Amino acid sequence: MSTREKIILFMALAALVYGGLEWFVFSPEKPSPGSVTQKSGSSAETVDKMMAKIMNMEIEHPHKKAMIEKIETPWVRDPFVPPGLQAGQSNGESEEAMSVLPNLVYSGFISSGKHAMAIVNGMEYFTGDIIMDTGYRITRITPDKVVIQKDQNTGEIFFNGD
């Protein structure tokens, strides 16, 4: 056995002995179940005191009370509804258009100068092309989405980078 191997082996044994001593001999005593219950009881009292202090802060600072009242007021409009539409209102697309769109996957975009090409359901399409088996015409291609139209129904297919 070389000197290097002896040194590595000695260091590993020393670490093992130290870890064993620290774990079994020098470790602090485990707390009894009764002491744990006392600690949780005292922490509950601490939480109650903190909550009382917070409630007093609201009363002491009227600007904070006004801010809380403003936060609690109902929203005028839903922030997740696009502008111009009310909650529950349709954007004009028929049920047929809505049912076809989920079957279309926009998975690629290629731009060469003024020409843009979209890959929808694995097929390449240019602006003005009709998507196979759907009858939708591609009206606009951007890196983020493809705008399609069939009769009066329009829709958008967003880029799926997976």
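The values are calculated or read from the model by the stated rules, or taken from the named source; none is laboratory data. All values derive from a computational prediction rather than experimental measurement. Here Cβ is always computed from backbone atoms with ideal geometry, including for glycine, and neighbour counts include all displayed protein chains.
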query: Is it the case that segment 81-98 has a residue that's out of contact with any helix residue (DSSP H, G or I) (no Cβ under 8 Å at 6 or more places or on another chain), closer than 25 Å to Ile141 by Cα and modelled with pLDDT of 75 or more?
result: no
field: Residue, nearest to the chain's Cα centre (by Cα), within segment 125-143, restricted to residues that are modelled with pLDDT of 90 or more and charged (D, E, K, R)
entry: Arg140
- request: Could you tell me which residue of segment 109-122 is surrounded by the fewest Cβ atoms within 10 Å (Cβ to Cβ), considering only residues that are at pLDDT below 90 and either among the basic types (Lys, Arg) or within 14 Å of Phe159 (Cα to Cα) (or both)?
  value: Lys114
message: Just to be sure I understand the filter: pairs with C-beta atoms under 8 Å, separated by 6 or more residues or on different chains, first member in segment 110-135 and outside the structural domain of Thr154 (by TED's automatic domain parsing), second member surrounded by fewer than 16 Cβ atoms within 10 Å (Cβ to Cβ) and assigned to a strand (DSSP E or B). Which pairs pass?
response: none
